[in-house]
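Before any comments, here is the structure.
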Amino acid sequence: MALLELNNVSAAYGPVRALEGVSLEVNDGEIVCLLGSNAAGKTTTLRTILGMVPAHKGEIRFNEERIDELRTQDIVGRGVTMVPENRRLFAKMSVRENLEIGANLRTDKKEIREDMERVFVLFPRLKERIGQRAGTLSGGEQQMLAIGRALMAKPSVLLMDEPSMGLAPILVEQVFDTIKEINELGTTILLVEQNAHVALSIADRGYVLQTGRIVLHDEAHALLEHPQLSQAYLGELD
Ligand code: ATP
């Protein structure tokens, strides 16, 4: 079943057309990656799903219900959360406070505490640094905290924007292992990445965006062998 579905969605920033008729679906339990070069519209796709950029055409459904006219916080409340590019942590707040902010739309106090413990099982390093200011964490720890904060909203679908950005290769591997683990624990994932090979190695399926349009989509293993994939990155795919 499609848990999240975009049907012919277009979006723009004033005169700049960023998405043109994007259709994609993310089924319950999948990891789907969204690939493409700089400025292809990957981040805009995630921001449009969350209602941060309005879709001026098309529709977006979550659990079969339209969400494209809802406010961002209502979309988050229904179970769609994002780990933003560059993490956007609250630098002066502690690890604990950043995690608590992730749960700020929830009222189930006992479950919030349990979910924080689950985050610490995934990322023991965060527990060791619970009182430390987020701005003083290493890049890898900050990425863990950004993922942990998003998980505190208890999402059904997690939108992840370039989680590998700025991380050393060994950490990229760890972050992707964790994404796989989060998925195995029951969270559906839509992953934006420039690092196509790493993303496809953990994904079920992938879509390739080029100047705001989906130009290719397939099973991850088929995309890995697709001769046009590298061309798509060079902007040569017609
Ligand atoms: P990157 O990998 O570089 O982050 P991307 O695929 O995520 O790229 P987007 O950030 O979605 O691409 O940008 C798509 C297009 O929309 C680009 O042409 C970009 O310049 C434009 N754009 C993005 N944000 C804005 C904004 N706030 N105002 C105006 N134009 C924007």
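The values are calculated or read from the model by the stated rules, or taken from the named source; none is laboratory data. Predicted model only: the values in this text are computed from it and were never measured. FYI the Cβ positions are ideal-geometry reconstructions off the backbone, even for glycines, and counts take in every protein chain you see. SASA here: full protein model, heavy atoms, side chains in, ligands and nucleic acids out. Shrake-Rupley method; radii C 1.70, N 1.55, O 1.52, S 1.80 Å.
Data overview
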quantity: Considering residues of the stretch 61-78 that are open to solvent by 40 Å² or more (accessible area, probe 1.4 Å), assigned to a helix (DSSP H, G or I) and more than 16 Å from the ligand (Cβ to nearest atom) only, the residue farthest from L4 (Cα to Cα); calculated: Q73
quantity: Matching residues, the stretch 45-60, being part of a helix (DSSP H, G or I) and without any contact (Cβ under 8 Å) to a residue 60 or more places away in the chain; calculated: R47, T48
quantity: Answer residue from the stretch 1-35, given it is assigned to a loop (DSSP other than H, G, I, E, B) and more than 16 Å from the ligand (Cβ to nearest atom) and is most open to solvent (accessible area, probe 1.4 Å) among those; calculated: M1
quantity: Hits in the stretch 36-52 (condition: in contact with a Lys or Arg (Cβ under 8 Å, 6 or more places away or on another chain) and more than 7 Å from the ligand (Cβ to nearest atom)); calculated: G51
quantity: Selection within the stretch 210-229 - within 19 Å of the chain's Cα centre (by Cα), open to solvent by 90 Å² or more (accessible area, probe 1.4 Å) and within 13 Å of the ligand (Cβ to nearest atom); calculated: R213
quantity: Top-ranked residue of the stretch 147-179 - restricted to ones that are open to solvent by less than 10 Å² (accessible area, probe 1.4 Å) and within 16 Å of the ligand (Cβ to nearest atom), ranked as farthest from E64 (Cα to Cα); calculated: P163
quantity: Every residue from the stretch 37-49 that is of a type in the set (A, V, I, L, M, F, W, C) and open to solvent by less than 10 Å² (accessible area, probe 1.4 Å); calculated: A40, L46, I49
quantity: Answer residue from the stretch 86-108, given it is outside any loop (DSSP other than H, G, I, E, B) and not β-branched (V, I, T) and is most open to solvent (accessible area, probe 1.4 Å) among those; calculated: R96
quantity: Selection within the stretch 181-196 - under 14 Å from the mean Cα position of the chain (by Cα) and open to solvent by 70 Å² or more (accessible area, probe 1.4 Å); calculated: Q194
